[in-house]
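Take a look at the structure set out below.
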Amino acid sequence: MSSSPSVQEIASAALSLWDMNAEEVENELALKVAIARGLTEMGVSTEDAAFAAALVDRALNAHEFPDRPVDEAIAQLPLYQALVAEIQSAGYGDD
């Protein structure tokens with residue numbers, strides 16, 4: 001891929017990687033590493049991949065526990081907003 005993935009592509013890929021690896025890893029840190037590794041393989045910088053992996057966890061926790069507030073600065077990040085939109089459209093936790 002010649003250009004960097006879009007925010008929406010990163011959000012979608014990060015959630016897919018979470019789905020694929022959540023049952024396979026022994027802890028949360030290993031899950032974040034697996035997500036970051038998958039994102040770097042699709043051309044995301046190491047720093048952005050690590051940041052996205054951490055945001056996936058935040059977004060999923062915010063979805064699962066809506067009574068826990070998310071820091072306003074995090075809530076305004078385009079990647080966080082894309083993750084929230086992906087989570088909502090995919091119906092996470094609705095089953």
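The values are calculated or read from the model by the stated rules, or taken from the named source; none is laboratory data. What you are looking at is a predicted structure, and each value in this text was computed from that prediction instead of being measured. When we count neighbours, we look across all protein chains shown, and the Cβ atoms used for this are built from the backbone with ideal geometry, even at glycine. The protein model used for the area step is the full one, side chains on, heavy atoms only, and it has no ligands, DNA or RNA in it. Shrake-Rupley method; radii C 1.70, N 1.55, O 1.52, S 1.80 Å.
Some notes on this structure:
- Residue among 50, 34 that alone is open to solvent by less than 50 Å² (accessible area, probe 1.4 Å) and either in a helix (DSSP H, G or I) or in contact with a Ser or Thr (Cβ under 8 Å, 6 or more places away or on another chain) (or both): 34
- Condition check for residue 56: open to solvent by less than 90 Å² (accessible area, probe 1.4 Å), in a helix (DSSP H, G or I) and touching a His at 6+ places or on another chain (Cβ under 8 Å): no
- Against the numbered list (1) in contact (Cβ under 8 Å) with a residue 24 or more places away in the chain; (2) surrounded by fewer than 15 Cβ atoms within 10 Å (Cβ to Cβ); (3) not in a helix (DSSP H, G or I), residue 68 comes up short only at (1).
- Residue check for residue 7: in contact (Cβ under 8 Å) with a residue 12 or more places away in the chain, open to solvent by 50 Å² or more (accessible area, probe 1.4 Å) and under 18 Å from residue 90 (Cβ atoms): yes
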